[in-house]
Amino acid sequence: MPDSPSRIASAISDEANVPYRGEQPFGMVDDLVVENALDLDGDERLWVPQSADVSFKPLVLSASQGYFVNILKVRRRGVLSRHRHAGPVHATVLRGRWHYLEHPWWAEEGSYVFEPPGDIHTLEIPDGVEEMATLFHVTGAYIYVDPDGNPTGVEDVFTKIANARVHYEQVGLGADYAERFIR
Ligand code: FE
């Protein structure tokens, strides 16, 4: 005898709080949680220096898909770099403000910015900003360029991983500390 609509409805609601009981898809990579991800003033050891006044905190270092998500923290004013993006960039400003010399807009605290692949721009942090912190999701690579667009250097998920490994070894966390961010 077929179930009545009300019996079906109650059966569905009985299962509303039941966790998925099957297997996860074969080949799926592990999920990843970074506690206190947006804490900009916590454990300094987690921040990987890129230069004297620039450091990053990795959130995901995706070796399998060629992107990385990190928070960049800059404690210096002036031009930081001129670069071209090989892939899209999503940025959320957490502290301070910055802009690109080539564009009229400013990335203010709380702003979201999409940077299209191919865009070539020069990042400047203005006077009066003690510290800038921005969460960047960067696919592909930064290609550092001279004013004519000639390549002078490159940064991608693999240089990030290499820097993180060296730094975490130096501060006593061990090079393998970086592995928790790699997917
Ligand atoms: Fe950029």
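Tabulated data for the structure shown
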quantity: Cα-based helix-to-principal-axis angle, 157-170 vs the chain, degrees rounded to 10; calculated: 80 degrees
quantity: Within the chain: Cβ-based charge dipole about Cα centre, in debye rounded to nearest 20 (Lys, Arg +1; Asp, Glu -1); calculated: 160 debye
quantity: Carbon/sulfur fraction of accessible area - region 44-181, other protein chains in place, 1.4 Å, %; calculated: 51 percent
quantity: Under the Karplus curve 6.51 cos²θ - 1.76 cosθ + 1.60, θ = phi - 60°, whole-Hz ³J(HN,Hα) for region 171-183, x wherever Gly or Pro sits; calculated: 8, x, 7, x, 4, 5, 4, 5, 5, 4, 9, 8, 9
quantity: Estimated [θ] at 222 nm from DSSP helical runs (n ≥ 4, -39500 (n - 2.57)) normalised by residues in the chain, nearest 500; calculated: -4000 deg cm²/dmol
quantity: Relative compactness, the chain, computed as alpha-carbon Rg over 2.2 N^0.38 Å; calculated: 1.35
quantity: Residue-count net charge about I125 - beta-carbon cut-off 15 Å; Lys, Arg +1, Asp, Glu -1; calculated: 0
quantity: Furthest towards positive pole of dipole, A178, P58, T122, structure part the chain, Cβ charges; calculated: T122
quantity: Solvent-accessible area per residue, Å², over the chain with all protein chains present [probe radius 1.4 Å]; calculated: 59 Å²
quantity: Computed over the chain: relative contact order in percent, which uses C-alpha pairs under 8 Å that are six or more apart; calculated: 23 percent
quantity: Scaled radius of gyration (Cα, divided by 2.2 N^0.38 Å) that region 142-183 gives; calculated: 1.52
quantity: Net length gained if the chain between A175 and D127 were fully extended (0.36 nm per residue, minus Cα distance); calculated: 13.7 nm
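The values are calculated or read from the model by the stated rules, or taken from the named source; none is laboratory data. All values reported here derive from a predicted model rather than from experimental measurement. Neighbour counts are summed over all protein chains in view; Cβ atoms, including those assigned to glycine, are modelled from backbone coordinates with ideal geometry. The protein model used for the area step is the full one, side chains on, heavy atoms only, and it has no ligands, DNA or RNA in it. Shrake-Rupley method; radii C 1.70, N 1.55, O 1.52, S 1.80 Å.
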